[in-house]
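The values are calculated or read from the model by the stated rules, or taken from the named source; none is laboratory data. Values in this document were obtained by computation on a predicted structure and should not be read as measured data. Cβ placement follows ideal geometry from the backbone for every residue including glycine, while neighbour counts extend to all protein chains displayed.
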Amino acid sequence: MLEPGRRSSHLAAMSLPKAPVAAKIPLRIEQLGRTRTDDYAWMKDDNWQQVLRDPKALKADVRSHLDAENAFTKAVLAGTETLQAALFAEMKGRIKEDDSSVPSPDGPWDYYSRYELGAEHPLHARRPRDRQDGEQVLLDEEALSKGKAFFQVGAASHSPDHGLYAWAADEQGSEYYTIRVKDVASGAEVGTPIESAYGDFCFSPDGAWIFWIWRDENARPAKVFRRRSTGGEDTLVYEELDDGMFLGVGVASDDSHVLIHVGNQETTEIWLIPGDSPDRAPVVAESRRIGVKYSLDHWTDRWVIRTNDDGAVDFKLCVSVAAVPAKASWVDWIAHRPGHYVTGFAAYADHLVRAERVNALDTLVVTARDGTEHTVAFDEEAYALNLEGGYEYETTTARFVYQSPTTPRQTYDYDLATRARTLRKTQEVPSGHDPARYVARRVTARAADGAEVPITLLMLKTVAEAGAPAPVLLYGYGSYGHAMEPSFSIRNLSLVDRGWIWAVAHVRGGSDKGWGWFLDGRKENKPNTFNDFIACAEHLVEGGYTTRGQIAAYGGSAGGMLMGAIANLRPDLWGAIVAAVPFVDVLNTMSDTTLPLTPPEWPEWGNPIEDPAAYDLIESYSPYDQVSSQAYPPILATGGLSDPRVTYWEPAKWVAKLRAHTTGAAPMLLKINMEAGHGGASGRFDFLKEIALDYAFAIWALEQQGAAE
């Protein structure tokens, strides 16, 4: 096995082009009696808000540096271009190019989306219910995207009377959306476009109004407005004065209310507007209390509330018959059961379906109005089961999607009364897919503090039967309570078919094992996320699945922060690290109140502006701040120039600092998409090219490592 210090001797012999050397312009920062120096703060454009809207406004010196970094990455990985093309072709070959969704009924119409052959973007359409003819095109994203480097539709919806169609489009990747409304019969747009919008809106139940969210100059959702669906003046409905809160709008399942959602990672508040009087002022359901989360829906004659109140860590369901469901009116209905995480629920006229997660596996529980219950579950070792929303309330049909690492997506219509399952669609893989060729396993790593961390594995059956060490891609996230579901991926197969093992580490910070699993990986418990990921890697080595140095670690956004942390903590374990749009400059970002996500994310990370303990904790793990003189493995960091979530300068600064400090010769690479934001390229095929680059880098880096052994 290669010793950590030997990596540099092999990679030093590699023929690599000369890397860019970023200028060091020290900036001394004093905060809470502490001092730090940032050599690369100059990479942040002081006018970044304008850059989000117009990338051409980027400072010349920053653009020149990013262009040089992109050129360096392209040169280093030039030998992988054939591999990138092959990976892309494989992934694209697994996509049905003229695919379509299962139609969702609403009154006299079936609504669906579909792709034309070769199209990057879908077409939204409808046809008369239960018929195969009579299609009406509502929105052609592909046509609207022509000539644009980036185009992405957020929300899109028809009005309750089916006469109007509205959509929100982002043409820069900055997540500033423009909402447009058109008359379906004539195809003509009505009213003027709504600018600077969040990608979320809703029609009122009577269809007369659109409720939408305005983003301020710092890209934060700050106000809710309404305007006539056919155009007119905007009326302020709600203004959120706390920069730490996100906003959302929606309609109750039974159309009784318009709902305004206010909240962050730990606190919720919901405001109600009567559906039959949408011009009324909103009334708060239950005022915000720090640490209390709740969601609610109206179920014909009562409210159903999902909450963590009263110590219900994994959430419980309550009911209220009050017109305004304040806490005093809540009555426990589905009691809290530790380890049974209630992830959500959906209301239908005579049934309520709740989703639960136990030990990283999902089930659905159906409750009839008479209180009888039954469970919908599957038997695979690892799988994902998700409800899909529909338009109709007066129905006994619910729709869910089942999938596993080996099983493509299967869409079922489920009769809530008779319990009959109707398979409506199985994801088609045109190039072929035989589940019997693969093995999915669930294994468990033990962290240093005794926590049992699930790992989901996918490999070829021949690899499993051989029992020999194989290269591993270990994926992790571990933040915001987001669970990494064991789903089917047409992308991962390109590695697995090459003899790799795809592994997902269900680390603390996600909700894979319940909300307590999340709480054990945030704020002062954040280091558990990093230690869990390392424990998973060590378990795979000890179990003979792989060897040290033959693991490619992969994570994006907050998962990119995980990548930065484990690079600092255990560089010897990894043969490569891919950090996509990585949140690595944690201390500086959480100290900058002008950035869109800073105040809303203090509940997740802590507030280093006011809390010395939070400052010290964040500094102790912030990947950018903890870069040190040691031999780092090959690292590829990616970003988007228009990204408002993880700004482009975070990966740029990190790579520059890594390159200046590493004692080895492994390359530190940066790829900034100059025409996209947080999600990368907007087209379904263009996006795959970015994944192909990530995978090609991982294959290349591990092959270099293997050649040295």
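Details
- For the range 31-76, the tally of residues that are among the charged types (D, E, K, R), more than 19 Å from residue 675 (Cβ to Cβ) and either touching a Cys at 6+ places or on another chain (Cβ under 8 Å) or outside any helix (DSSP H, G or I) (or both) stands at 6.
- If the condition is being under 21 Å from residue 480 (Cα atoms) and assigned to a loop (DSSP other than H, G, I, E, B), then the range 610-628 contributes 611, 622, 623, 624.
- The set of residues from the range 572-590 being crowded, with 22+ Cβ neighbours inside 10 Å and not in a strand (DSSP E or B) comprises 573, 581, 582, 583, 584, 585, 586, 587, 588, 589, 590.
- For the range 82-98, residues that are touching a residue at least 12 places away in the same chain (Cβ under 8 Å) and either assigned to a helix (DSSP H, G or I) or touching a Ser or Thr at 6+ places or on another chain (Cβ under 7 Å) (or both) total 10.
- Residues satisfying the stated conditions in the range 474-517, i.e. under 18 Å from residue 530 (Cα atoms) and among the β-branched types (Val, Ile, Thr): 504, 507
- Criterion: over 18 Å from residue 171 (Cβ atoms), in contact with a Pro (Cβ under 6 Å, 6 or more places away or on another chain) and of a type in the set (Asp, Glu) - qualifying residue of 110, 161, 133: 110
- Positions within the range 120-160 being more than 28 Å from residue 249 (Cβ to Cβ) and touching a residue at least 40 places away in the same chain (Cβ under 8 Å), in sequence order: 120, 149
- Unmet requirement for residue 45, which otherwise passes all of (1) surrounded by 14 or more Cβ atoms within 10 Å (Cβ to Cβ); (2) over 26 Å from residue 216 (Cβ atoms): (2)
- Here the condition is being in a loop (DSSP other than H, G, I, E, B), at negative phi and not basic (Lys, Arg); of 400, 378, it holds for 378 alone.
- Failed item in (1) free of Cβ contacts under 8 Å to residues at least 60 places away in the same chain; (2) surrounded by fewer than 22 Cβ atoms within 10 Å (Cβ to Cβ); (3) in contact with a Gly (Cβ under 6 Å, 6 or more places away or on another chain), with residue 300 passing the rest: (3)
- Taking the range 335-360 as the range and being crowded, with 19+ Cβ neighbours inside 10 Å and free of Cβ contacts under 8 Å to residues at least 24 places away in the same chain as the test, only 356 passes.
- All positions within the range 405-428 that are under 30 Å from residue 494 (Cα atoms) and either in contact with a Leu (Cβ under 9 Å, 6 or more places away or on another chain) or free of Cβ contacts under 8 Å to residues at least 60 places away in the same chain (or both): 405, 406, 410, 411, 412, 423, 426
- One residue from 313, 284 being within 28 Å of the chain's Cα centre (by Cα) and aliphatic (A, V, I, L, M): 313
- Filtered residues of the range 318-352 (kept if out of contact with any Phe, Trp or Tyr (no Cβ under 7 Å at 6 or more places or on another chain), within 16 Å of residue 300 (Cβ to Cβ), assigned to a loop (DSSP other than H, G, I, E, B) and of a type outside the set (A, V, I, L, M, F, W, C)): 350
- Residue in the range 510-558 that is modelled with the lowest pLDDT, counting only those that are in contact with a Leu (Cβ under 8 Å, 6 or more places away or on another chain) and among the small types (Gly, Ala, Ser): 549
- Of the numbered criteria (1) among the aliphatic types (A, V, I, L, M); (2) surrounded by fewer than 18 Cβ atoms within 10 Å (Cβ to Cβ); (3) farther than 20 Å from residue 481 by Cα; (4) within 30 Å of the chain's Cα centre (by Cα), the one residue 249 fails is (2).
- When the range 665-694 is filtered for residues that are surrounded by 18 or more Cβ atoms within 10 Å (Cβ to Cβ), over 19 Å from residue 75 (Cβ atoms) and either modelled with pLDDT of 85 or more or not assigned by TED's automatic domain parsing to the domain that holds residue 630 (or both), the ones remaining, listed by number, are 688, 691.
- Filtering the range 483-523 to residues that are surrounded by fewer than 23 Cβ atoms within 10 Å (Cβ to Cβ) and under 16 Å from residue 314 (Cβ atoms) leaves 483, 515, 516, 519, 520, 522.
- Filter pass, residue 370 being acidic (Asp, Glu), in a loop (DSSP other than H, G, I, E, B) and within 30 Å of residue 464 (Cα to Cα): no
- Enumeration of residues in the range 637-649 that are closer than 14 Å to residue 559 by Cα and either in contact with a Phe, Trp or Tyr (Cβ under 8 Å, 6 or more places away or on another chain) or assigned to a loop (DSSP other than H, G, I, E, B) (or both): 637, 639, 645, 646
- The requirement of being buried (at least 23 other Cβ atoms within 10 Å of the Cβ), in contact (Cβ under 8 Å) with a residue 24 or more places away in the chain, under 21 Å from residue 703 (Cβ atoms) and within 20 Å of the chain's Cα centre (by Cα) is not satisfied by residue 551.
- Matching residues in the range 289-310 - criterion: being closer than 25 Å to residue 340 by Cα and outside any strand (DSSP E or B): 289, 290, 291, 292, 293, 299, 302, 308, 309, 310
- Near pairs, Cβ below 7 angstrom, 6+ apart or cross-chain, from the range 591-614 (buried (at least 20 other Cβ atoms within 10 Å of the Cβ)) to any residue that is assigned to a loop (DSSP other than H, G, I, E, B) and aromatic (Phe, Trp, Tyr): 604/480
- Among the candidates 437, 442, residue that is more than 21 Å from residue 494 (Cβ to Cβ) and basic (Lys, Arg): 442
- Residue list for the range 303-334, filter: crowded, with 18+ Cβ neighbours inside 10 Å and on the phi > 0 side of the Ramachandran plot: 315
- For the range 544-560, the set of residues classified as in a loop (DSSP other than H, G, I, E, B), of a type in the set (Gly, Ala, Ser) and either under 18 Å from residue 457 (Cβ atoms) or in contact with a helix residue (DSSP H, G or I) (Cβ under 9 Å, 6 or more places away or on another chain) (or both) consists of 544, 549, listed by residue number.
- Leading residue by the ranking (nearest to the chain's Cα centre (by Cα)) among those in the range 113-152 that are more than 15 Å from residue 684 (Cα to Cα) and in a loop (DSSP other than H, G, I, E, B): 147
- Exactly one residue out of 696, 631, 660 is in contact (Cβ under 8 Å) with a residue 24 or more places away in the chain, part of a helix (DSSP H, G or I), of a type in the set (Gly, Ala, Ser) and over 27 Å from residue 97 (Cα atoms), and it is 660.
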